[in-house]
Amino acid sequence: MASNVILARMGEVTLKGLNRGKFENQLKVNLRYRLRNFGKLSITQSQSRIWIEAKSEDNPAFAGEEAAQEILTAVTQVFGIVSASLALKFEGDFDVIVKEAIAYVDKLLQEHPEYKTFKVESKRGNKQFPLSSPEICTEVGGNILDNFPQLSVDVHNPDFILNVEIRDYNYLYSGKVMGHRGLPVGTAGKGMLLLSGGIDSPVAGYMMASRGMQIDAVYFHSFPYTSEQAKQKVVDLAKIVSRFSGKMNLYVVNFTKIQLDMVKNSPEDMITITMRRVMLQIAEELAKKSGCKCLITGESLGQVASQTLEAINITNEVATLPVLRPLIGIDKQETCDISRRIGAFETSILPYEDCCTVFVAKHPKTHPSHKDIENAESKLDIKAMVEMGLNEGLEIIEI
Amino acid sequence: MIYFDNSATTRTSDAVAKSIYDNLTNDELFGNPGSLHKLGMTAGNKYNEITADIAKNLGCKNTEIIYTSCGTEGTNTAILGYLSKNQRAGKTIISTNTEHKATLETLGHIAKQGYNVVYLKVDKAGKPDLAALEEELAKGDTAMLCFTHVNNETGSVLPIEDIMKIKNKVSPKTVVFLDCVQSLGKLEINLAKLGVDMASFSGHKIHGVKGVGVLYIKTNVRIDPFIRGGGQQSGLRSGTQSLMLAESFAVALKEAVEARANAFEHVSEINAYLREELTKRGATINSPEDGLPFVLNVAFDGFQSETMLHALESFGVYVSTVSACSSKTKKPSYVLLEMGIDRKIAANSVRLSFSRYNTMDEAKEFIAIVDKVYDMYLVR
């Protein structure tokens, strides 16, 4: 009987040297976590490939094509996977392979009646098999040509490739879904992401996670200036990032009092910078407590007043941990493209106020100096503000 | 909790809830009013009684009303159904830009089909330009007038008697559709006296339940149905009738009509008190002086609408920014802008809307809470 399996291919992981095993194990752990809601699965590795299938036949996750597609999508969202294919697995001799191949192509052509040319590629892991790889290609290809007169062979640029693999079992598949590449999350420490409700910060989190970093996030909530919907939006964005980055803690800092204090006691045109400095300090304290070794922001050079080089310098000074800014040199359009690709864009552009927009001055200082910030913070008890952020109304949401 | 958002929806009254429970647990009332057997007849008789009761309270005949799912369905059915059935009645429809979205979107839809929709300007009190109305009607091509009896955002009351006089004088054949969703139970409504041709009503705005409305269609006004099928409700809205929903509407309406005069007086006091106290505190009242007391649109200086809404919410006070249907679109109210209210004031506006269940104590507490909000959250 034939069953569905997923064949996932590893990328950069396989280039690792002596510690390759560590990366591979983490990848398998991450796959298992990402697929935790799909019943009992067997996840096995052979060389640079990972095979995923149901442990028993009564696991419904692999039963239907649709459910299997859902697993396939989830697999491609795990960093470290370059691509994945949904394959048909079955036992039998060469006659069975031909029969299954014809049925497979028949189904494929129903979905894609536009296909006119094809090519067969084969791999033979089981060296006991009586035919060699080129022979398998010729024989399977010939049988397909006999059965589907509308098809012809094109080895250079075919409409579809039929892959036949003969190992302990036989496998058939066509096409592959590209993965998000990168390195397995958990192999590069943990970072604290400053998550607002916008387009940039979720993308920044996604990008660092793609290098193997585990992510925790912090959001600064200013009820009633920002609504419960705005907070829900950030929770939703955190969930989207966590599809790629795995388990995450979202720290929601009650920022209202701190912001009001700032508005009363510091000049309007420096509010944004002052605010960002306090945010960074609170984020750093949370980072240290939760084992994060860096901060991550979605800043992009010159995008807004607080993201000029001078402003970044002034903000950066309060942090002792490295502040990673994966979007610093990236064009907004490109960020939007990534945001769309990871499924965050539609949520990011919902119209609720986010924490940065309510208290923004009409003409913020774009080139702040040390003197400016000294003056702006002279009447503020920054230490008390940071303490307040850490202690008063801090909420931790497990994503 | 202080619930000042009764124009969005209202709490179901105890009597309505009881009527629904009784209806659902009565073994003799679950039949399909269309069935030929005894159970069907029992349900059918009860249904007719209920309908007659509603008709009596609205001042019309029981053959002149159909049940809908909501006010919006009534509006759609009236406008689209009339124009579809009466294609030679004229190609112009007159309305205003301050209508509810149910009307505006429907008019936008028919404008695309070649109808000429004329939107009359409104003044600061939200009243349409009647001279322009007369001028437009005199052209002789107007199929329909579409107006709202009471504006949902400001409480502006339409001068419907004046409009009917002008219409009857200049263009008697033009039909009038009136959206009565916000006026029902608050103003006296006698459809025969009003003289309009069609009117829509909603159950959940008068302490009934969501899911039922009523559309009035005057005898001799012909419309095409919006929902076709088994021919129920004179073929104007097919689908098995719900005795439970019809009765819920009847009970809510009866209560509203009985309480109306007292409620009007009581809510007028609350409105006057709030107007005075809020004005003292520098707020701007957007609702016209002669508006319906059940709605008070007010701009709080220094607070964007949404911030004020959430600040009040944190004290258990529920109000609305612009009408709830469009409050996620994040633009100042189009109704206020159309009335010529300054954009800045419109952006700071919230709507308080009352029902007969609100009390003076709540109004006083509301003012105290507004003071607290200013103390705690005013920026600069």
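Report the normalised scattering of the stretch A:174-295 as log10 I(q)/I(0) at q = 0.15, 0.16, 0.21 Å⁻¹, calculated by the Debye formula with identical scatterers on the alpha carbons. Debye output, listed in q order: -0.71, -0.79, -1.18.
On the principal axes of its alpha-carbon atoms, chain B has extents of 70, 56, 34 Å, going from largest to smallest.
Among the trypsin sites (Lys or Arg not before Pro) within the stretch A:122-199, those in coil by DSSP and having at most 11 neighbouring Cβ atoms inside 10 Å are A:Lys127. Relative to one another, the C-alpha centroids of the stretch A:151-203 and the stretch B:107-177 are positioned 61 Å apart. Working note: Karplus 6.51/-1.76/1.60 with θ = phi - 60° gives the stretch A:106-119 the couplings 4, 5, 4, 5, 5, 6, 10, x, 7, 5, 10, 10, 8, 8 Hz, where Gly and Pro are set to x. The string of couplings for the stretch B:267-277 from the Karplus curve (6.51, -1.76, 1.60, θ = phi - 60°) is 6, 4, 5, 4, 4, 4, 4, 5, 3, 5, 5 Hz, one whole number per residue in order, with x for Gly and Pro. Using every pair of separate Cα atoms, the Kirkwood estimate puts the hydrodynamic radius of chain A at 23.9 angstrom. Under a 5 Å amide H cut-off, with hydrogens placed 1.01 Å from N, A:Ser83 pairs with A:Arg9, A:Gly179 among residues at least 5 apart or on other chains.
Projected label points at B:Asp14 and B:Glu28, each 7 Å from Cα along the beta carbon direction, are separated by 2.7 nanometres. Between B:Val317, B:Val150, B:Val212, find the one with the highest GNM mean-square fluctuation for chain B; connect C-alpha pairs within less than 10 Å. Its mean-square fluctuation being the largest, the pick is B:Val317. Toward the positive end of the charge dipole of the stretch A:1-148, with +1 on the Cβ of Lys and Arg and -1 on the Cβ of Asp and Glu, the farthest Cα among A:Asn37, A:Asn59, A:Gly125 is that of A:Asn37. Here the relative contact order of chain B, from alpha carbon pairs under 8 Å that lie six or more residues apart, stands at 23 percent. For the stretch A:238-251, putting each phi into the Karplus relation 6.51 cos²θ - 1.76 cosθ + 1.60 with θ = phi - 60° gives couplings of 4, 5, 5, 4, 5, 4, 9, 9, x, 3, 8, 9, 9, 8 Hz, in residue order, rounded to whole numbers and with x for Gly and Pro. Amide H contacts of A:Thr308: A:Gly302, each under 5 Å away and 5 or more positions distant or on a separate chain (H built 1.01 Å from N in the peptide plane; Pro and chain starts excluded).
In degrees from 0 to 90, rounded to the nearest 10, what is the angle of the helix A:200-209 Cα long axis to the longest principal axis of chain A? Its long axis makes an angle of about 50 degrees. Mean projection of the Cα convex hull over all viewing directions, computed for the stretch A:36-131: 8.1 nm². The mean of 1/r over all distinct Cα pairs in the stretch B:237-336, once inverted, gives the Kirkwood hydrodynamic radius of 16.5 Å. Think of each Lys and Arg Cβ as +1 and each Asp and Glu Cβ as -1; about the Cα centre, that makes the dipole of chain A roughly 1120 debye. The H on the amide N of A:Leu324, modeled in the peptide plane, is under 5 Å from the matching H of A:Leu295, A:Ile296, A:Thr297, each at least 5 residues off or on a different chain.
Report the far tail of the P(r) of the stretch B:195-239, meaning the percent of Cα-Cα pairs longer than 17 Å. Don't skip to the end; give the middle numbers.
Values: 448 of 990 pairs.
Value for the stretch B:195-239 (Cα pairs over 17 Å): 45 percent.
Could you tell me how many cubic angstrom of Cα convex hull volume the stretch A:190-398 has per residue?
Numbers: hull volume 22.3 nm³, N = 209.
In the stretch A:190-398, the Cα convex hull volume per residue is 107 Å³.
Rounding to the nearest 20 debye, state how big the charge dipole of chain B is about its Cα centre with +1 on each Lys and Arg Cβ and -1 on each Asp and Glu Cβ. Let's see the in-between values first.
Numbers: 42 positive and 43 negative charges, 239 e Å.
So the magnitude is around 1140 debye.
I want to verify the translational diffusion coefficient of the stretch A:3-178 in µm²/s; compute it with Stokes-Einstein, Rh as the Kirkwood radius over Cα pairs, at 4 °C and 1.567 mPa s. Write down the numbers at each step before the final one.
Numbers: Rh = 17.2 Å.
Result for D is 75 µm²/s.
Its Cα centre serving as origin, the protein assembly as shown has a Cβ charge dipole (Lys and Arg +1, Asp and Glu -1) of approximately 720 debye. Mind checking which of A:Glu24, A:Glu284, A:Glu317 has the largest fluctuation in a GNM of chain A, springs on alpha carbons under 10 Å? It is A:Glu317.
Taking each of B:Lys127/B:Lys186; A:Lys40/A:Lys123; B:Lys91/B:Lys193; B:Lys205/B:Lys331 in turn, the alpha-carbon distance tops 22 angstrom for A:Lys40/A:Lys123; B:Lys91/B:Lys193; B:Lys205/B:Lys331. Result for chain B in a Gaussian network model with C-alpha springs under 10 Å: among B:Glu99, B:Glu135, B:Glu64, the largest mean-square fluctuation is at B:Glu135. Dividing the radius of gyration of the alpha carbons in the protein assembly as shown by their Kirkwood radius gives 1.07 for Rg/Rh. The distance separating the Cα centre of the stretch B:27-96 from that of the stretch A:37-68 comes to 56 Å. Helix B:38-58 axis versus longest C-alpha principal axis of chain B: approximately 50°, rounded to the nearest ten.
Since every read-out is calculated from the coordinates, none of them should be taken as a lab result. None of these values were measured; they are calculated from a predicted model. Ideal geometry is used to build each Cβ from the backbone, glycine not excepted, and the neighbour counts take in all protein chains shown.
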